[in-house]
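The values are calculated or read from the model by the stated rules, or taken from the named source; none is laboratory data. The model shown is predicted, which means the values in this text are computed figures rather than measured ones. Every residue, glycine among them, receives a Cβ derived from its backbone with ideal geometry; neighbour counts consider all protein chains shown.
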Amino acid sequence: MTDILLITPPFVQPNCPYPATAYLAGYLRHKGYSVEQADLSIETLTQIFSRPFIADLFDNYDGEGDENCNRMWAMRKEYVATIDSVIRFLQGKDATIANLICSPEYLPQASRFENMAEVEECFGTLGQKDCAEYLATLYLQDLSDFIRATICPEFEIVKYGESLALSIAEFSTIEQELQKPRNAIENIMCDALRNHIEHSHPRMVGVTVPFPGNLLGALRIGQYIKANYPTIKVVIGGGYPTTELRTMTDREIFRYTDYIILDDGELALERLLSGGEMIHTYTSEGYTEGCGRISHRERGCPDFSGLPHDLYFSLTEVTNPMHRLWSDGRWNKMMLAHGCYWAKCAFCDTTLDYIGCYDTVSASEIVDWMECIAEQTGSRGFHFVDEAAPPKLLKELSLEILRRGVKFSWWTNIRFEKSYTGDLCALLAKAGCVAVSGGLEVASDRLLEMIGKGTTIEQATLAMRNFYYAGIMVHTYLMYGLPTESLQETVDAAEVVRQMFRAELIGSAFWHRYAMTVHSRSGQEPEAFGVRRKDRLPNPFANNEVPFAENRGYSLDMVGDALNLSLANYLVGSGLERPVHKWFASKVPATTVIPSLITDHLIKPDGCRIYNDKARIVWVGGTPEMTEEGILIHTSSTAKEVKLPEAEAEFMYAVLEQTSELDEEYTFEQIRTLWEEHFDRPFIEFYSSKKWDIIRKLGLLQI
């Protein structure tokens, strides 16, 4: 008998495992419990997108659909014939079929292909695999449209029944769906669930519910277990209950589960398995807060073993390379640190542990975990899912990766702060960083200060510049509709974003409409932010968004449409010279932002060019070699000779040799002392020379 079976329900991103069960499995196995884990999301998806299911889907079509459904039914033989090969291609099992997918007659094409991007413009002649992934994704989206129209209106590839679970006041709203007979998709999920239960014979099943779009699937799992395996205890936890069910008084959900865990699940599950005192756990009897906490070090390395790594498949929903990182590639998801090192943003859930309780481990331990996970999954790509990765830890992580001589590709979330100098960004890139995402939010210094972001437009611009020069893609989160945000400030924020795109600082971006949440500082003190919470009692079931009243004086829908339209153009390099007020459907004021705001910031000096005796110097360039005329630097693709007088060449060679030893710190003070032992003129003279700049660009970094 297995102690616990951990399950990811439908549906999360299909390209890699969601890490919740892996973290729980790693911790509980370390504590001596027998643990199995199952990803019913990917198992269900790959059964849906298979020849038998698609054949049945069309065989059972009653002809009552719209024109698009009828067109797809007419091409049913083509869908049945191609589905398995398309999935194999997206799983990376048959790259040769890319040629066929890109040909005009291989894939049946319905409505999703009508508005697709210009393939040749986006991919040219060299991006055939990327082009094939994009076309295959459109093909799956067409099939998803048919599934929604014929058997399951709540189906989405990366979510299931999300609209049913968004801020539902009473549990009866979603229970109405649970009282209906299971549909074909839920039957697939339950068949897979039964197989796992019969194989592992667990005494407990834990189901993670990270998003609203996982709640319906999780409750179907609980419903099936209660009906067929009544002795098995069911536990639900994850991001959704943590944020939405903290004040729950409606207990009807306990017909489908025995326990609901809030916040981190490791210690809570251990207590349930051992029969100890419960911690932050709901039962039908009420809520037990309990006491106790584990550190991030105790949480340990996530364990992805036992998951079906051969089933995951990539999607290319949009052609923008930054957006694709979420859905394309086998990224191992893990946390560098627990919580957020800043945890002051007024719109964020800073009162909850997952943000407010900051804790981390050493860079050496993190790289140990990365090597272990890469061995488990066969992938050396990592997505660090931190709320905001600490710059100091990223620096130490990069040095540790380079010290060990291991190769990883990784990306993460950051704050656009002044710590990201040009040399630090170059170090991150050398260690495998390919992209970062960060919140520019409202692109207004007044509003950034109001929400406690701790950054300015200038700081964000300089950080973006340094990432761009290092070859690291930048995605930024944008926000509109904040309390007290005027229409003028919205137009000005749009202008800042336009200038950033024109300067090529941003690879991609996304505008979010502000939502006030109950666990944020703004939600708990709305009056301090110039608005009034609408009087009402909490919902008996789910509570997250706070309704508030203010005298805005303009339509947020109109603003959102304009911002999204302008962004869609900027992402493909279009409309960058168009005045921003012309994107709006209604009359709005012209921007007050000066046309050179961003370019004026871009010419400001970088922090890494300010001499500092205490600054650490590292050499991450190629192998140096003394020559008759100076030093020859061997890079991966070429060799560059730096001409220096013999004495300076010997000095510089010694510096490069010593600073390449990353086990030891080597500072400017030590370099200056070495210089003064051999030369009469001041070191700052050499530091300011063109020779030093050339060597810097080849990999001598001041961090």
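Observations on the structure shown:
- Residues of region 632-687 that are among the polar types (S, T, N, Q), surrounded by 13 or more Cβ atoms within 10 Å (Cβ to Cβ) and in a loop (DSSP other than H, G, I, E, B): S660 alone.
- Residues being β-branched (V, I, T), surrounded by fewer than 21 Cβ atoms within 10 Å (Cβ to Cβ) and free of Cβ contacts under 8 Å to residues at least 40 places away in the same chain - total across region 281-317: 2
- Residue within region 560-580 that is part of a loop (DSSP other than H, G, I, E, B), hydrophobic (A, V, I, L, M, F, W, C), out of contact with any Gly (no Cβ under 7 Å at 6 or more places or on another chain) and exposed (fewer than 13 other Cβ atoms within 10 Å of the Cβ) present: no
- Of the residues making up region 456-489, those that are among the β-branched types (V, I, T) and touching a residue at least 12 places away in the same chain (Cβ under 8 Å) are I457, T461, I472, V474, T476, T484.
- Matching entry among L698, L597 (being within 32 Å of the chain's Cα centre (by Cα) and assigned by TED's automatic domain parsing to the domain that holds L462): L597
- E105 passes every criterion in (1) more than 24 Å from A184 (Cβ to Cβ); (2) outside any helix (DSSP H, G or I); (3) within 28 Å of the chain's Cα centre (by Cα) apart from (3).
- Test: residue in region 609-621 that is aliphatic (A, V, I, L, M) and closer than 30 Å to Y514 by Cβ: no
- Lone unmet requirement of (1) free of Cβ contacts under 8 Å to residues at least 12 places away in the same chain; (2) crowded, with 16+ Cβ neighbours inside 10 Å for L701: (1)
- Taking (1) out of contact with any strand residue (DSSP E or B) (no Cβ under 9 Å at 6 or more places or on another chain); (2) closer than 24 Å to N15 by Cα; (3) at pLDDT 95 or above; (4) not small (G, A, S) in turn, T319 satisfies each apart from (3).
- Odd one out for T360 among (1) surrounded by 17 or more Cβ atoms within 10 Å (Cβ to Cβ); (2) over 30 Å from E289 (Cβ atoms); (3) touching a helix residue (DSSP H, G or I) at 6+ places or on another chain (Cβ under 7 Å); (4) polar (S, T, N, Q): (2)
- Residue, farthest from F49 (Cα to Cα), within region 143-185, restricted to residues that are in a loop (DSSP other than H, G, I, E, B) and of a type in the set (G, A, S): A169
- Of residues in region 325-357 being in a loop (DSSP other than H, G, I, E, B) and in contact with a Cys (Cβ under 7 Å, 6 or more places away or on another chain), the one surrounded by the most Cβ atoms within 10 Å (Cβ to Cβ): G339
- Residue in region 503-517 that is in contact with an Asp or Glu (Cβ under 6 Å, 6 or more places away or on another chain), assigned to a loop (DSSP other than H, G, I, E, B) and assigned by TED's automatic domain parsing to the domain that holds M473 present: yes
- Some residue of region 388-406 being surrounded by fewer than 20 Cβ atoms within 10 Å (Cβ to Cβ) and closer than 23 Å to Y570 by Cα: no
- Just one of the listed residues (V620, V593) is surrounded by 16 or more Cβ atoms within 10 Å (Cβ to Cβ) and touching an Asp or Glu at 6+ places or on another chain (Cβ under 6 Å), namely V593.
- R536 being assigned by TED's automatic domain parsing to the domain that holds S596 and not in a helix (DSSP H, G or I): yes
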